[in-house]
Amino acid sequence: MSSGSILLKIFQKCAAPGWRATAMAKLVHRLLCSIAPRKGVALSNMENSSFPSSESWRNETLSGVYNHIAWMLSEYLVLVDNPRQALDWVVDIEGESILQDLFMRQKGAVILTAHLGNWELLAAWLCQRGYPLYAVVRDPDDSDIADLIEEYRSRVGLRTLKKRFIMKEAVRLVQSGAFLGLLADQDGGPSGISSTFLGKKCSTVNGPAAISLMADVPIVPVISYRIAPFHHQIIVSPPLLLPEEGKRKERIEAITLTADTVIEKMVYRHPEQWLWLHRRWHTSLP
């Protein structure tokens, strides 16, 4: 068993709502601030974004990001032992009637979200509410940690698709009435759509748009924000307006640009809860 998976199991034994969760979150926060993983990437991302930031704002936000990650870990390790707790932790819900209507009509959907707020809690809440949720995932390089995470997701009711098998299976699932969760805020690579995110040119994944058009299902933005430890808000926004005319490539591009704008607005509400550590603007574009 790897050192990472051993550490996760130790944290799980310590995790519980109350003083133990608080103590663990504080400990992890201090460790993250001390080790400062991807600090240079995060600060560079902030400095080059459209946020009117100062050095003190960037450092404060980075500390907030580390604190958010620490609480995500604490919350998730508590959650996996009793996934039903997700229903109690979500204390404010906006727009759930949109999902309920789709579910009642057995209409599938692409759930558009991001590495923002507690996205693992969001998945658990959707599953515990009875929605047929699948998520596209990439396994960690550490096989032991990958097995642990897959076990946790299974416990909360989340079914997963591996990225390399996504398109054909994803289209089939949403056409049959499933909800497909996609984290669409990472670098899209050379095959992505040229876009602008937080004021800087980037490449954006076109999966949500392509699946939506191929399966003829809506794209529904859904996000979870932490109000306080173990207290969360979930916002379900109206489906994106999809262009009905134009070539398929043009329609995919238009939808992707709209999705980027929607996620951008999500980040502006709580920048300290977004994963600034990833290389969102990694790909060189012409």
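May I ask you to verify whether Ser212 is part of a strand (DSSP E or B), surrounded by 21 or more Cβ atoms within 10 Å (Cβ to Cβ), among the small types (Gly, Ala, Ser) and modelled with pLDDT of 95 or more?
Values: part of a strand (DSSP E or B): no; surrounded by 21 or more Cβ atoms within 10 Å (Cβ to Cβ): yes; among the small types (Gly, Ala, Ser): yes; modelled with pLDDT of 95 or more: yes.
Criteria not met by Ser212.
A quick yes/no check of all residues on (1) more than 19 Å from Gly189 (Cβ to Cβ); (2) under 19 Å from the mean Cα position of the chain (by Cα); (3) at pLDDT 95 or above; (4) buried (at least 16 other Cβ atoms within 10 Å of the Cβ):
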{"residue": "Ser237", "(1), (2), (3), (4)": "yes, yes, yes, yes"}
{"residue": "Leu240", "(1), (2), (3), (4)": "yes, yes, yes, yes"}
{"residue": "Pro243", "(1), (2), (3), (4)": "yes, no, no, no"}
{"residue": "Lys247", "(1), (2), (3), (4)": "yes, no, no, no"}
{"residue": "Tyr268", "(1), (2), (3), (4)": "yes, yes, yes, no"}
{"residue": "Gln273", "(1), (2), (3), (4)": "yes, yes, yes, yes"}
{"residue": "Trp276", "(1), (2), (3), (4)": "yes, yes, yes, yes"}
{"residue": "Thr283", "(1), (2), (3), (4)": "no, no, no, yes"}
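When we screen Val41, Val65 for residues that are modelled with pLDDT of 85 or more, under 19 Å from Phe197 (Cβ atoms), touching a strand residue (DSSP E or B) at 6+ places or on another chain (Cβ under 9 Å) and not in a loop (DSSP other than H, G, I, E, B), the only hit is Val65. When the residues of the range 166-187 are filtered to those that are in a strand (DSSP E or B) and not small (Gly, Ala, Ser), the one that is farthest from Leu133 (Cα to Cα) is Asp187. Taking each residue of the range 182-200 that is within 17 Å of Asn48 (Cα to Cα) and looking for partners that are in a loop (DSSP other than H, G, I, E, B) and of a type in the set (Val, Ile, Thr) with beta-carbon atoms closer than 8 Å, six or more apart or interchain, yields Gln186/Val205; Asp187/Thr283.
Just checking, does the range 136-145 include any residue being closer than 23 Å to Pro229 by Cβ and either crowded, with 21+ Cβ neighbours inside 10 Å or touching a residue at least 60 places away in the same chain (Cβ under 8 Å) (or both)? Within the range 136-145 (the criterion being closer than 23 Å to Pro229 by Cβ and either crowded, with 21+ Cβ neighbours inside 10 Å or touching a residue at least 60 places away in the same chain (Cβ under 8 Å) (or both)), the answer is no, since none of the residues qualifies. Of all residues in the range 98-124, those satisfying the criterion of being touching a residue at least 12 places away in the same chain (Cβ under 8 Å) and more than 16 Å from Leu183 (Cα to Cα) are Ile98, Leu99, Leu102, Phe103, Gln106, Lys107, Gly108. Among the residues of the range 77-123, those that are among the small types (Gly, Ala, Ser), closer than 13 Å to Val222 by Cα and surrounded by 15 or more Cβ atoms within 10 Å (Cβ to Cβ) comprise Gly95, Ala109, Ala114, Gly117, Ala123.
The values are calculated or read from the model by the stated rules, or taken from the named source; none is laboratory data. Bear in mind that the values here come from a model prediction, so they are computed numbers and not experimental data. For neighbour counting, all protein chains shown are included, and Cβ atoms are generated from backbone atoms with ideal geometry for every residue, glycine included.
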